[in-house]
Amino acid sequence: MSTSVLFDAPGPRAKIRNGILTVVSVVAVAAVLYGIYAGFDAKNQWDSRIWQPFLQAETWEIWIIPGLIGTLRAAAVAAVLALLFGAVFGLARLSDHKWIRVPAGVVVEVFRAIPLLLLIFFIFYLAPTLFGGGDYAFISVVLGLMLYNGSVLAEVVRAGVLAVPKGQSEAAYAIGMRKNQVMRLVLLPQAVTAMMPAIVSQLVVLLKDTALGYIIAYVDLLNTGFKILPSALFGSLIPAAIVIGVIYVGLNMALSALATWLERRSRRSRKTAAPPVVPPAAGMLGGGPAPAAPGAAEAVSTME
């Protein structure tokens, strides 16, 4: 007889009530969707004329694909830099040295507290002075995303390492490992798996936040698809907003799927088969010493 750990199996009344609630929820969602459809239809937003440009190859080649490339370019560079920033400052906040831990904490808290849009504005107006040349909009978007999301990821790293049971580090210290070895070989490999959902969520946020480059005229998907394209072709924002929204949803789902695959692969790679244990009595039947379990010598040499 199996029972649920989280809740008791529903009885006849509960099943009826759950069925009624399910039907009511489906009807409510359908009513909302129909209301949205009817509202758009009343304003002729489903007219084939204003959707026609999205069926033409030139629209994608000239407007949408270059904007998509700009979004992916900024997101990829910012994601790599944010992960490095988060790892460095997250581990720095765990340092035993106060002169490292305190400044790292100040940097993380300051950039985590500043609104990202304001941070991009600051960098954009300081970029000509700081960098002297280059694509100021791209630099501003990437640095803003790196500083903000990297600060959040630093807290994720710190929390992930602290979440590993203390017995793991104590056992590592007991066999003579140094602190950097404990962190690199024991704590971080276990913490990464626990941190993966939070890291993926933050990277999804980073990808969506590239749209803030719209405000400084960075050539991204939102700028070309939602600002330039409607004004250049048909002047209606609704079709452009729906198409761009669907593309963003697809990008984020692909990123989440990739992260899920990496997490599963990481879990599988860390699984090891334990060597079979031969009872001492089995080896003593012939009067000789018990045979060593297959792979035992290799396991011991690996530990050493």
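The values are calculated or read from the model by the stated rules, or taken from the named source; none is laboratory data. Quick caveat: nothing in here was measured; it's all calculated off a predicted structure. Neighbour counts are summed over all protein chains in view; Cβ atoms, including those assigned to glycine, are modelled from backbone coordinates with ideal geometry. Note: accessible area is taken over every heavy atom of the protein model, side chains too, but ligands, DNA and RNA are not part of it. Shrake-Rupley method; radii C 1.70, N 1.55, O 1.52, S 1.80 Å.
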Original post:
Going highest first, how would you order 90-98, 42-50, 153-161, 203-211 by mean Cβ packing within 10 Å?
Top reply: 153-161, 203-211, 90-98, 42-50
Subject >> Net charge over other residues, Cβ less than 15 angstrom from the Cβ of PHE54 (K, R count +1; D, E count -1) >> reply: -2
**OP:** Can you work out the accessible area per residue across the range 23-82, with the rest of the protein chains kept in place, probe 1.4 Å, in square angstrom?
**Re:** 66 Å²
Subject >> Theoretical gain in end-to-end length, ALA31 to ASN44 [0.36 nm per residue, Cα-Cα removed] >> reply: 2.7 nm
**OP:** Go ahead and run the numbers for FRET between GLN190 and ALA9, Cβ-Cβ distance against an R0 of 30 Å, rounding to 0.05.
**Re:** 0.25
**OP:** Report the equivalent ellipsoid semi-axes for the range 146-248 in whole Å, largest first, defined as the square roots of five times the eigenvalues of the gyration tensor built from alpha carbon atoms.
**Re:** 46, 12, 8
**OP:** Taking every pair of Cα atoms in the range 156-210, average 1/r, invert it to obtain the Kirkwood radius, and report Rg/Rh to two decimals.
**Re:** 1.15
Subject >> Accessible area per residue in Å² at 1.4 Å probe, computed on the range 106-154 >> reply: 46 Å²
